[in-house]
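Novice: This is the structure I have questions about; it appears just below.
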Amino acid sequence: MENENVIEIRNLKKAFGKNEILKGINLNLKKGENIAILGQSGTGKSVLTKCIVGLIYADSGEINVFGKNVYSLTTGELEEIRKKIGYLFQGGALYDSMTVKQNLEFPVRRTQLAKNKKEVKELVEEALENVGLLPAINKMPSELSGGMKKRVGLARTLILKPDIILYDEPTTGLDPVTSGEISELILEVQEKYNTSSIIITHDMKCAEMTSNRLKLMIDGVFYAKGTFEELSNSNDKVISAYFK
Ligand SMILES: Nc1ncnc2c1ncn2[C@@H]1O[C@H](COP(=O)(O)OP(=O)(O)OP(=O)(O)O)[C@@H](O)[C@H]1O
């Protein structure tokens, strides 16, 4: 892990009407670091990640990605930053009418990442190999298990070689063994590509396996932060409730 911050968030606030969701969020994500964010449903974890990629505009505060304030960028500059951020949605978000191969080719073509068909093929195969799913290349999403769909979703994120990956509940809905495999993959990606990640999760095993640090979001702010070991040994009842 290096000292450079790839994401810096300062006093971020966001309300929907009178409903205050983010009430002053601060976060530094370092190059090569994985941070897990824990917190009850509805506390604003997804809203925070959507602010980072510019899908939601915060009311006040600052988000710097690679040292650039995302709210002061032109549309073109924001596009450049977005290319460096991969976002793994909760459901994997595959196109049901396309094969696995076509699902992966899609982002490559859209971003003009490859010069020709051969390069597209190489990128698709490399990404599928990374998640152990090359044999499923011609399958339809409906033929895949939940864990396989998550893997393909991860392959589709990885194919664009992002510097930062935002994982929104990567193991939700999976059995413990498959969850463990996805957590392993998240770690492998961090080690292989030196990516920095924010992992939103309710899965404590996933948080323990994948994160260098954890943050606990309660009522729109980070109530606690530390390593898994530090937080799991906390005497604070609010914190320890998450580690039972
Ligand atoms: N576009 C929106 N308009 C109005 N309210 C919204 C919008 N997006 C999110 N919210 C509200 O913000 C709150 C936080 O939602 P968010 O999805 O961030 O929760 P979360 O912490 O990610 O929950 P979960 O763990 O269940 O995914 C919720 O009360 C939600 O209804």
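Novice: Output the residue which, of all residues in the range 38-56 that are surrounded by fewer than 19 Cβ atoms within 10 Å (Cβ to Cβ) and near the ligand (Cβ under 6 Å from one of its atoms), is nearest to Val238 (Cα to Cα).
Specialist: Applying the filter and picking the extreme gives Ser41.
Novice: If you don't mind, there's one more thing I want to ask. Which residue out of Val131, Val108 is surrounded by 14 or more Cβ atoms within 10 Å (Cβ to Cβ), away from the ligand (no atom under 16 Å from the Cβ) and over 30 Å from Ser41 (Cβ atoms)? Step through it out loud before you land on a result.
Specialist: Numbers: Val131 fails: over 30 Å from Ser41 (Cβ atoms).
Testing whether each residue is surrounded by 14 or more Cβ atoms within 10 Å (Cβ to Cβ), away from the ligand (no atom under 16 Å from the Cβ) and over 30 Å from Ser41 (Cβ atoms) leaves just Val108.
Novice: Kindly list, by first and then second residue, each pair from a residue in the range 187-213 that is charged (D, E, K, R) to a residue that is assigned to a strand (DSSP E or B) and within 16 Å of the ligand (Cβ to nearest atom), limited to pairs with Cβ atoms under 6 Å and residues at least 6 apart or on different chains.
Specialist: Hits for this filter: Arg213/Ile35.
Novice: Where residues in the range 143-187 are of a type in the set (A, V, I, L, M, F, W, C) and part of a loop (DSSP other than H, G, I, E, B), which of them is farthest from the ligand (Cβ to nearest atom)?
Specialist: Start the filter on the range 143-187 by keeping residues that are of a type in the set (A, V, I, L, M, F, W, C), which leaves 144, 148, 152, 154-155, 158-160, 164-166, 174, 177, 182, 185-187.
Among the residues that remain, those that are also part of a loop (DSSP other than H, G, I, E, B) are: 144, 159-160, 174.
Details: Leu144: 23, Ile159: 25, Leu160: 24, Leu174: 16 Å.
This residue is Ile159.
Novice: Answer yes if at least one residue in the range 10-30 is at pLDDT below 90 and within 21 Å of Gln90 (Cβ to Cβ), and no otherwise.
Specialist: Step one: filter the range 10-30 for residues at pLDDT below 90, giving none.
No, the range 10-30 contains no residue that is at pLDDT below 90 and within 21 Å of Gln90 (Cβ to Cβ).
Novice: Quick check on Val70: is it more than 16 Å from the ligand (Cβ to nearest atom), β-branched (Val, Ile, Thr) and touching a helix residue (DSSP H, G or I) at 6+ places or on another chain (Cβ under 9 Å)?
Specialist: Numbers: more than 16 Å from the ligand (Cβ to nearest atom): yes; β-branched (Val, Ile, Thr): yes; touching a helix residue (DSSP H, G or I) at 6+ places or on another chain (Cβ under 9 Å): yes.
The answer is yes for Val70.
Here's the yes/no breakdown for (1) within 13 Å of the ligand (Cβ to nearest atom); (2) surrounded by 14 or more Cβ atoms within 10 Å (Cβ to Cβ); (3) polar (S, T, N, Q):
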| site | (1), (2), (3) |
| --- | --- |
| Lys14 | yes, yes, no |
| Lys18 | yes, no, no |
| Leu29 | no, yes, no |
| Gly32 | no, yes, no |
| Ala58 | yes, yes, no |
| Ile63 | no, yes, no |
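Novice: Continuing with this model, one more query. Could you run through the range 217-241 and say how many residues are more than 28 Å from Ser60 (Cα to Cα), small (Gly, Ala, Ser) and in contact with a helix residue (DSSP H, G or I) (Cβ under 9 Å, 6 or more places away or on another chain)?
Specialist: Total satisfying the criteria: 3.
Novice: Could you please give the count of residues in the range 24-49 that are in contact with a Leu (Cβ under 9 Å, 6 or more places away or on another chain) and either not assigned by TED's automatic domain parsing to the domain that holds Tyr71 or not in a loop (DSSP other than H, G, I, E, B) (or both)?
Specialist: Residues flagged as in contact with a Leu (Cβ under 9 Å, 6 or more places away or on another chain) and either not assigned by TED's automatic domain parsing to the domain that holds Tyr71 or not in a loop (DSSP other than H, G, I, E, B) (or both) within the range 24-49 amount to 13.
Novice: Within the range 196-212, work out how many residues are more than 16 Å from the ligand (Cβ to nearest atom) and either farther than 28 Å from Lys13 by Cβ or touching a Ser or Thr at 6+ places or on another chain (Cβ under 6 Å) (or both).
Specialist: So the count comes out to 4.
Novice: Do the conditions hold for Ile56, that is, is it in contact (Cβ under 8 Å) with a residue 60 or more places away in the chain and in contact with a Lys or Arg (Cβ under 6 Å, 6 or more places away or on another chain)?
Specialist: Here the answer is no, as Ile56 does not meet what is asked.
The values are calculated or read from the model by the stated rules, or taken from the named source; none is laboratory data. These numbers were taken from a predicted model, which means no experiment stands behind them. So basically every Cβ, Gly included, is an ideal-geometry build from the backbone, and we count neighbours across all protein chains shown.
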